[in-house]
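> Once you've had a glance at the structure underneath, I'll fire off some questions.
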Amino acid sequence: MKNKFVFIIISLVLFILLGFFRDFFFVNLNYLLYKLYYHDTSLKVPALIQPFESLGYATIYWLKYVFTLISLSLFFSLSVLSAKWLSPQKKVIRFIGYTYLLLLILGAISMGIGYFINGRLQDDEYTLSRWLLGILQSPLPFLFFLATNKLLTSTSNN
């Protein structure tokens with residue numbers, strides 16, 4: 001019981017650190033995009049973001065999608081690792097995987113509808129997609145399945 005509590009604390013701390021880093025990175029990347037788009041030389045970006053200053057606006061804009069996928073992968077990995085630490089139920093890990101896959105597909109469909117039907121990424125479909133990806137870049141899927149872990153029968157570990 002004591003080890004489980006320690007693993008819960010460690011998992012939550014790791015999720016918090018990852019979330020703060022993700023937020024810091026994307027907020028400052030957006031500042032850099034603003035700086036480049038409006039040619040605002042008065043804005044200073046943190047040292048972590050400065051290497052991107054030599055890239056063009058469009059390159060950084062599209063790199064944000066790559067960084068979003070990296071962030072999703074990190075949150076997914078941390079969710080799976082935390083589930084392995086805290087639950088003997090293999091179903092929990094599968095449910096986390098299915099949740100990530102389902103929400104990622106729904107987000108991609110939503111973004112695709114906005115882009116291919118409406119011709120832009122600024123409408124409600126884009127907002128829905130960002131919201132779904134926001135859920136995946138948080139501990140919510142893991143916490144949900146951790147909370148429902150007791151609902152799974154202990155005889156069904158597969």
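Here, each number is a calculation from the coordinates, and none is a lab measurement. In this text, all values refer to a predicted model and were calculated from it rather than measured experimentally. Glycine also receives a Cβ, built like all others from the backbone with ideal geometry; neighbour counts cover every protein chain displayed.
> So how many residues does the stretch 87-111 have that are touching a residue at least 12 places away in the same chain (Cβ under 8 Å) and part of a helix (DSSP H, G or I)?
The total comes to 16.
> Is it true that Val45 is in contact (Cβ under 8 Å) with a residue 12 or more places away in the chain, touching a Leu at 6+ places or on another chain (Cβ under 7 Å) and β-branched (Val, Ile, Thr)?
yes
> So which residues in the stretch 38-58 are part of a helix (DSSP H, G or I) and surrounded by 11 or more Cβ atoms within 10 Å (Cβ to Cβ), if there are any at all? Spell out how you get there, then give the answer.
Step one: of the stretch 38-58, the residues part of a helix (DSSP H, G or I) are 50-54, 57-58.
Gln50, Phe52, Glu53, Tyr57, listed by residue number.
> Give the residues of the stretch 72-86 that are small (Gly, Ala, Ser) and either farther than 17 Å from Leu132 by Cα or in contact (Cβ under 8 Å) with a residue 24 or more places away in the chain (or both), sorted by residue number.
Across the stretch 72-86, the qualifying residues are Ser77, Ser79, Ser82, Ala83.
> Now for a separate question. Picking from Pro46, Pro51, which residue would you name as being more than 30 Å from Asn149 (Cβ to Cβ) and touching a helix residue (DSSP H, G or I) at 6+ places or on another chain (Cβ under 7 Å)?
Pro46
> OK, next. Could you grab me the full set of residues in the stretch 75-86 that are in contact with a Phe, Trp or Tyr (Cβ under 7 Å, 6 or more places away or on another chain) and either under 19 Å from Leu151 (Cα atoms) or not in a helix (DSSP H, G or I) (or both)?
Ser79, Ser82, Ala83, Trp85, Leu86 - these are the residues of the stretch 75-86 that are in contact with a Phe, Trp or Tyr (Cβ under 7 Å, 6 or more places away or on another chain) and either under 19 Å from Leu151 (Cα atoms) or not in a helix (DSSP H, G or I) (or both).
> For the stretch 113-151, which residues satisfy the criterion of being farther than 30 Å from Gln89 by Cβ, assigned to a loop (DSSP other than H, G, I, E, B) and of a type in the set (S, T, N, Q)?
So the first thing to find is which residues in the stretch 113-151 are farther than 30 Å from Gln89 by Cβ, and the list is 113-130.
Those left that are additionally assigned to a loop (DSSP other than H, G, I, E, B): 117-123.
Residues satisfying the conditions are Asn118, Gln122.
> Condition first: touching a residue at least 12 places away in the same chain (Cβ under 8 Å) and more than 21 Å from Ser73 (Cβ to Cβ). Now tell me which residues in the stretch 3-29 satisfy that.
Passing the criteria: Lys4, Phe7, Ile8.
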